[in-house]
Amino acid sequence: MAATAQPNVKNVWLGGVEPMKASYGKLMMWFFLISDTFTFSALLVAYGLVRFSSPAYVGQVADFVASPAYWPIPEKVFDAIPFFHGLHAPLVFVGIMTFILIFSSVTMVLAVEAGHRMDRAAVEKYMLWTILGGATFLGCQAWEWTHFIVGTDSGTVVKELINGDWVTHTVFGANLTQNQYGPPAFADFFFFITGFHGTHVLSGVILNFLVFYRTATGLYERRGHYEMVEKIGLYWHFVDLVWVFVFTFFYLV
Amino acid sequence: MAHVHEHEHDENAGAEQRKAIWRTFWILLAITALEFLIAFTLDAGVLKTAIFVGMTIVKAFYIVGEFMHLKHEVKSLIWSILIPCIFVVWLLIALMREGGSIFDLR
């Protein structure tokens, strides 16, 4: 290394050097997000494997009836919205949820931008909007889960082999072993994938609140920079990104 | 972040950046709206799935590139993030094919 002969060059081992021109914290957040990508991919890849190894529904979409014998059509499963009981509104609610999360991502990046200008009031304002968006999303998800677990009015008649006898009974809603909408694996993946994502949103909201609190108490202003907003922002955008993939692979296709 | 240390409270500071943020938002919203339109007008099939996957990648590009600022980072950082993701795509395709073959063998 020629660096040893030059007195003005910073020693690379004593800090102050930023590899890839990103600060330590930001780089570590990127590496964490890559590992989290693998975790979410594992869930989505497993979903793809099980879906392709299960029988698909053949026939007209309009004639679709839920049965454990074949994989359901998502738009026939997720067709309810709050306060409009019995209305067939396919994917509308999940569309609203997607919009809320994308919008909270926008307010987050606006908070980061305000942090660059050292505009404390604007950072506080946008962090509050982001927290509100995240909390609203969690509320929507709680409703969606409740609806999925409780089930529809009529349920689905299922024929099962129990202790050597064929037993016919009606299944309402879904849990980890029974599912009125399709094969039990479909409900399992719904709970695991949206649940894992929801956990990320929850921890994101908590982190966002922490950032808001520390902005409001002036910690970042005293520190001289709002880099923590950027780091937590990266995490929050990642949560939004994962939802974009969940939305496509679980609800659309 | 040497370029951002402009401590004067100038109203115009970052105006360009804010414009880019809102532009990205409208693009993401338009793609999501288009996805809904396609979901209810096009028959299920390979084409529909391909369109959805394509649009998802475009959305991911805007979120990661603009919101997460990766587009404006140095090349080595961009590639250290993108290259590992190639393995994910490979695993997804491999295991979906595997799933199809499990279905055939059952």
(Q) Take A:D79 and A:F31, extend 7 Å from each Cα along the Cα→Cβ direction, and tell me the distance between the two endpoints in nm. (A) 4.9 nm
Q. Working out 0.36 nm times the residue gap between A:K21 and A:E160, then minus their Cα-Cα distance, what length gain in nm do you get to one decimal?
A. 44.0 nm
Q) How many percent of Cα pairs in the stretch A:1-154 exceed 18 Å? A) 77 percent
(Q) If you restrict to DSSP beta bridges whose two residues both lie in chain A, what percentage is antiparallel, to the nearest 5? (A) 90 percent
(Q) Of the candidates B:L29, B:L42, B:L70, which one comes out as most mobile in a Gaussian network treatment of chain B with C-alpha springs shorter than 10 Å? (A) B:L42
Q: Note the direction-averaged projected area, equal to a quarter of the hull surface, for the Cα convex hull of chain B, in nm².
A: 9.9 nm²
Q) Semi-axes of the equivalent ellipsoid of the protein assembly as shown: what are they in whole Å, largest first, if each equals the square root of 5 times a C-alpha gyration tensor eigenvalue? A) 43, 24, 18
Q: Calculate for the protein assembly as shown the 222 nm mean residue ellipticity that helices alone would give, adding -39,500 (n - 2.57) per DSSP H run of length 4 or more and normalising by residue count, nearest 500 deg cm²/dmol.
A: -21500 deg cm²/dmol
Q.
Could you list A:L110, A:L234, A:L207 so that the one with the fewest beta carbons within 10 Å of its beta carbon is first and the one with the most is last?
A. A:L207, A:L234, A:L110
Q) For the stretch A:28-79, what number results from the quotient of the Cα radius of gyration and 2.2 N^0.38 Å? A) 1.63
Q: Within 10 Å of each residue's Cβ, count the other Cβ atoms and sort A:Y126, A:Y213, A:Y226, B:Y62 from fewest upward.
A: A:Y213, B:Y62, A:Y126, A:Y226
Q) What translational diffusion coefficient, in µm²/s and rounded to a whole number, does the Stokes-Einstein relation yield for the stretch B:12-72 at 4 °C and a viscosity of 1.567 mPa s, taking the hydrodynamic radius as the Kirkwood radius over Cα pairs? A) 101 µm²/s
(Q) Give me B:M68, B:M96 sorted ascending by neighbouring Cβ count inside 10 Å, so fewest comes first. (A) B:M96, B:M68
Q: Shielding by partners for A:23-29, please: the mean number of other protein chain Cβ atoms within 10 Å of each residue's Cβ.
A: 1
**Q.** Percent of Cα-Cα distances greater than 13 Å, calculated over the stretch A:199-253
**A.** 64 percent
Q. Label points 7 Å out from Cα along the Cβ direction at A:V167 and A:A142: separation in nm?
A. 3.5 nm
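Here, each number is a calculation from the coordinates, and none is a lab measurement. Not measured: the values here are computed from a predicted model. Because the Cβ atoms are built from the backbone with ideal geometry, glycine has one as well, and the counts that use them run over all protein chains shown.
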